[in-house]
1. For the stretch 4-40, how many residues are touching a residue at least 12 places away in the same chain (Cβ under 8 Å) and open to solvent by 20 Å² or more (accessible area, probe 1.4 Å)?
2. Scan the stretch 306-324 and report the pairs whose first residue is over 10 Å from residue 358 (Cα atoms) and whose second residue is part of a helix (DSSP H, G or I) and open to solvent by 30 Å² or more (accessible area, probe 1.4 Å), with Cβ atoms within less than 6 Å and a gap of 6+ or a chain change.
3. Restricting to the stretch 398-449, give me the number of residues that are within 22 Å of residue 308 (Cβ to Cβ), more than 23 Å from the chain's Cα centre (by Cα) and among the hydroxyl-bearing types (Ser, Thr, Tyr).
4. Check every one of the strands (runs of 3 or more DSSP E) wholly within the stretch 12-89 and list those with 2 or more residues that are over 28 Å from the mean Cα position of the chain (by Cα).
5. Is there a residue in the stretch 340-349 that is assigned to a strand (DSSP E or B) and surrounded by fewer than 23 Cβ atoms within 10 Å (Cβ to Cβ)?
6. Please go through the stretch 414-447 and pick out each residue that is open to solvent by 50 Å² or more (accessible area, probe 1.4 Å), among the small types (Gly, Ala, Ser) and at pLDDT below 95.
7. Taking residue 13 as the residue in question, decide whether it is charged (D, E, K, R), modelled with pLDDT under 90 and out of contact with any Pro (no Cβ under 7 Å at 6 or more places or on another chain).
8. Can you find, within the stretch 229-254, the residue that is farthest from the chain's Cα centre (by Cα) among those that are surrounded by fewer than 13 Cβ atoms within 10 Å (Cβ to Cβ) and free of Cβ contacts under 8 Å to residues at least 24 places away in the same chain?
Amino acid sequence: MPATLSAIQSVVEAYVSSVAPTTLAFGFLTMVPWSLQEKPANVLACGAGGSVSSESIAQIVGQHDVLLIVSVYRTEWEKRGVAGLLDYLRTAHSDAIVFLVQLPDRLNTELTKAYISELMARQDDLYTFGADGVLIELTGDPEGLQQSLSLELIENAAIQPRVQAFANDANQGVPSARDLKLIEDEFRSLLWNAIPNLLMPDFAPLNKRLLECGNQVGDFRFVRPYSDHHHVVLAVKGQHEKVVIKVHDKRSVTEAKEVESIYQEFCLLTHTLDHPHIIRCVGMLQSQCYVYVALQYGGDVCMEQMLSTQRGHRLSRDDALNCSAQVASALSYCHAQDVVHGQVSLRHVAVEIACNRHICRLVDFSMAAHVPNSNTRETLCGSLPCVAPETVLNEPYLPKPADCWSFGVLFLEIVCGQGSLELSVQWRRGESLAYVAGNILEFFSQAGCHTDAMTKMGNAPDGIILACLGAALKPEPVRRASASDMVGMLSIVHTEQTSFD
């Protein structure tokens, strides 16, 4: 059904009212009249029929760094209007920086694969009108808008001179090695200087004199590789303090989102998350070629390695319940802060043995994100066996239930044996992740599936543990137990005396 003027007006006004007052550096121009009683000072609205005076345009362009033209862009009159407006701006205000902001038909609506495809098709069409960029905005998030625009402006500033240079030299053949080196240097400066300086105030500054010799960086002395991750090493600070250091080779980073991922993990583990079963960050260093993120020592092995050495590839019932409860507590704490981990797995649980007790800590927040309850995510996170099936089906998904599925598989593997899920579903190496995800969903849609998975490696059925598995491993994300639910269930299970081994 075609969007009506009133429907478009409602969406546009709700969005602009939520972001304009806190983003005063940007001017907003709406393609529909403004119906509300109060209009933010940095907003210009078209009149009836899409008209707007040249004097008003000159005023808003002169007062703001960037002009954002906001609409749904579903109807032909919206597209004709913005095409004519951009033609005028190119002629009368050629220096103006103009972005089109495309809104969905309803803010915070549930996104389906088909609707995402429709939005992307509309976006492709909008690029042909000649704006400096097009942004799809699904929620009224001022901070997210500013970050998206800042990244776009930085990339545009870096790309445009180089595009012009190549256009001027188009008839001179392949660029020289010197030109390629200059381009690479500009790109590295963009990634590691311009973007952090503008958007990441706590990113470690470049230290050209940082000590990097042999097995030492700054105050840290490398001991050996940590786990089987080639870029993670066990180190010692001073004489005795063990730490784990993630080594990021700047030369292998090719996108701004990778720099953002490093910074996000650093900020989460330094400032946001403080929990006894979540690893902490203790520092960051940056040299010419590397970024080093120093993390709290969480033990010599991860849960995946721990299980591989155990009888039956599982922990004893008490140890399994204790470890699972620790991870559930950490995940519940994250979700309470609206932080999703994104890749909960056996590999991302560090295990330290102290006084004959396993101490577990959730690690690797490189795919973590701030996501409120109602928001969806599209990023593919995780790997088999713990990855939530819905995350690999090319559709927006709810990230907290996805984390809870991953926890459910982790619980299954710790309690019932590493490899339980693979033996149950019986996928083959090399099969596509989407195909395996479909098989997993089909398996857990069958009656008796949780008992089947639990007993696959020779375990006796345990009613209470089956209840925990059934609560987490539900194909429908909205029906899964939350992380806090799992904390409550595991605290009850831990008091039971039912024999398991």
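1. Qualifying residue count for the region: 16.
2. Qualifying pairs under 6 Å: 307/313.
3. Total meeting the criteria: 2.
4. Numbers: elements: 26-30, 43-45, 66-71.
Counting at least 2 such residues, we get 26-30, 43-45.
5. Our first condition is that a residue be assigned to a strand (DSSP E or B); within the stretch 340-349, this holds for 340, 349.
Cutting the leftovers down to surrounded by fewer than 23 Cβ atoms within 10 Å (Cβ to Cβ) gives us none.
No, every residue in the stretch 340-349 fails to be assigned to a strand (DSSP E or B) and surrounded by fewer than 23 Cβ atoms within 10 Å (Cβ to Cβ).
6. 430, 432
7. no
8. Looking at the filtered set, the residue picked out is 239.
The values are calculated or read from the model by the stated rules, or taken from the named source; none is laboratory data. Remember, it's a predicted structure, so these values are computed and weren't measured experimentally. Every residue, glycine among them, receives a Cβ derived from its backbone with ideal geometry; neighbour counts consider all protein chains shown. Surface areas here come from the heavy atoms of the whole protein model, side chains and all, with no ligands, DNA or RNA. Shrake-Rupley method; radii C 1.70, N 1.55, O 1.52, S 1.80 Å.
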